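Accompanying notes for the structure given below.
The values are calculated or read from the model by the stated rules, or taken from the named source; none is laboratory data. Not measured: the values here are computed from a predicted model. Neighbour counts run over all protein chains shown; Cβ positions are idealised from the backbone, glycine included. Accessible surface areas use protein heavy atoms only, side chains included; no ligands, DNA or RNA. Shrake-Rupley method; radii C 1.70, N 1.55, O 1.52, S 1.80 Å.
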Amino acid sequence: EKNIILESFGDAFFALDSNFTVIYWNRVAEQNLGVKKNDIIGKNLWEIFPGSEDTISYRNHHLAIETKQPMHFEDYYPVLNIWHEINSYPSENGLSIFFKDVTERKIIEEKLIKSNRLFAFISAINQMIVKTTNETSLFNRACSIAVDIGKFKMAWIGRIDEETKKVIPVVHAGVEDDYLNKMIPISIDDIPGGRGPIGKSLREGRYI
């Protein structure tokens, strides 16, 4: 009767002993994680899922056992490219864990965050352009806004050298890691060095 109840849950469910050995694994857990019950019962959870020692789940399941306090959290498992909402409940002998796939919701949330961040970035750039008359300050501030508000890893601005027809970086912000010195010189002409997004954008006069 207990197994019937556990299998009727809409959420995935599994149970562990205090050594993180799997003692129960319901049908929804099989479907969600692609591991059959017969292949995981009696085995250590962390050995079944590679790389799991670096996850929030690993830390919070251990913390639940140590503190005897339930844990509620979300975690991303990169091997399956999936987000889970997880509830971990400690008991005298181990853990009972309920989880569900929230990947679709996280994708929507991430798109909304990116849209809001891009709007804030564009708004800050527009305000800065109106207030700034010095070109050097404008270039530096634009790159800083891209990194600080737009959350881009790195931003740079280049000038076109009219003699060489190359784009020469003059200002940057963020994590550069010597990228600008190592990159292939960018040409504005339709040659191999100018067929990337920057050369194409300059020739066609449009956003790439």
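For this structure, a couple of remarks:
- Here the condition is being open to solvent by less than 90 Å² (accessible area, probe 1.4 Å), farther than 30 Å from residue 113 by Cα and modelled with pLDDT under 95; of 192, 185, it holds for 185 alone.
- Pairs where the first residue, in the range 149-175, is over 22 Å from residue 191 (Cα atoms) and the second is open to solvent by less than 90 Å² (accessible area, probe 1.4 Å) and assigned to a loop (DSSP other than H, G, I, E, B), C-beta under 6 Å, 6+ apart: 153/175; 154/175; 154/176
- The strands (runs of 3 or more DSSP E) found wholly in the range 4-89 include none carrying at least 1 residues that are touching a Pro at 6+ places or on another chain (Cβ under 6 Å) and open to solvent by 70 Å² or more (accessible area, probe 1.4 Å).
- Of all residues in the range 1-26, exactly one satisfies the criterion of being at pLDDT below 90, within 24 Å of residue 78 (Cα to Cα) and not small (Gly, Ala, Ser), namely 11.
- Near pairs, Cβ below 8 angstrom, 6+ apart or cross-chain, from the range 116-142 (in contact (Cβ under 8 Å) with a residue 12 or more places away in the chain) to any residue that is assigned to a loop (DSSP other than H, G, I, E, B) and small (Gly, Ala, Ser): 117/150; 118/150; 120/150; 121/150
- Identity of the residue in the range 149-159, surrounded by 14 or more Cβ atoms within 10 Å (Cβ to Cβ) and in contact with a strand residue (DSSP E or B) (Cβ under 8 Å, 6 or more places away or on another chain), that ends up farthest from residue 116 (Cα to Cα): 158
- Tallying residues that are open to solvent by 40 Å² or more (accessible area, probe 1.4 Å) and hydrophobic (A, V, I, L, M, F, W, C) within the range 94-119 yields 7.
- Counting the residues of the range 155-208 that are closer than 17 Å to residue 139 by Cβ and among the small types (Gly, Ala, Ser) gives 4.
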